[in-house]
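Report on the structure given below.
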Amino acid sequence: MKSKNLLHQENAIEGSMAVFENITFAAPLLADIGNTHIHLFDGKEILHLPHKEAIEKYAQYSIDYITVNQALEEQIIQKTNWRNVSSSITLEGAYDTMGVDRRALCLSHRDGLFVDAGSAITVDVMEAGVYQGGFILPGIQALLKSYAGISAVLACELERDLSLEHLPRTTKAGVSYGIIASIKAVIKQHSKERQIYFTGGDGALLASYVEGSVYDERLLFRGMLSALAKYKS
């Protein structure tokens, strides 16, 4: 059963002002630059574009971005008017090598457990605005590849309408059950009645198996806006 989205958000673009929940400031577009795509946020919607396409289409736009892809930095500097704001995304309690995308995600709310389900699955905990720690799991696609590496018989796609209420009776369902149930179990182990927030490409799927959880792909940008609003004030 799909979990109910508990977020009630209002966001709009009014002239050059971006309004996202209670955060208001004169803002350019925002971007999160990953290993394969650039994710652009205009205050309402998110575009997921390959690096080359995003740079060509939006080179002349004013964009504040964070990045985990340092190899792309020189190209961005040469071809765009964008500004790297990664150093402004500060999180109390974070460790030195913690990714800026994880820091931004944790800044979206003062309390909660945050799951970013992409090529890897990161799980982080916040209490009263302070980072408590977290861990990293292989993503769903990586786990599927690992099963295929064990035996060709286990090579399959994920069964997305799987029920965890009944034991599987096919190989595909068995592999899928093992992946989803194990991810859910370790997340629930550390939730301790905290609100659980999901984002990322597989976030909606995983959220559907965790009762009372929230899925919102804009969480990282909410955290960016919060950090930048404090930086500008």
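The values are calculated or read from the model by the stated rules, or taken from the named source; none is laboratory data. Source: prediction; values computed, not measured. What goes into the accessible areas is simple: the full protein's heavy atoms, side chains included, and nothing from ligands, DNA or RNA. Shrake-Rupley method; radii C 1.70, N 1.55, O 1.52, S 1.80 Å.
Things worth noting here:
- For the chain, carbon and sulfur atoms together expose 51% of the accessible surface, with a 1.4 angstrom probe and every protein chain in place.
- Computed P(r) (all Cα pairs; the chain; 10 Å bins; percent): 7, 30, 33, 21, 7, 1
- What segment 145-233 shows is 55 Å² of accessible area per residue, with the surface traced by a 1.4 Å probe over protein heavy atoms.
- Computed over segment 158-200, the convex hull of the alpha-carbon atoms projects to a mean area of 3.7 nm².
- Segment 76-166: C-alpha gyration tensor shape, a/c 1.5 cut-off, then a/b vs b/c: oblate
- In angstrom, the C-alpha Rg and Dmax of segment 182-233 are 13.5, 43.
- Using alpha-carbon coordinates, inclination of helix 171-191 to the longest axis of the chain, degrees: 60
- In a fully extended conformation the segment linking LYS44 and LEU158 would gain 38.0 nm over its present Cα-Cα distance, using 0.36 nm per residue.
- Using the empirical formula 2.2 N^0.38 Å as the baseline, the Cα radius of gyration of segment 104-233 reaches a ratio of 1.16.
- Across LYS44/LYS230; LYS44/LYS79; LYS79/LYS145; LYS44/LYS172, pairs whose alpha-carbon gap is larger than 28 Å: LYS79/LYS145; LYS44/LYS172
- If you take the Cα centroid of segment 57-93 and the Cα centroid of segment 141-199, the two points sit 35 Å apart.
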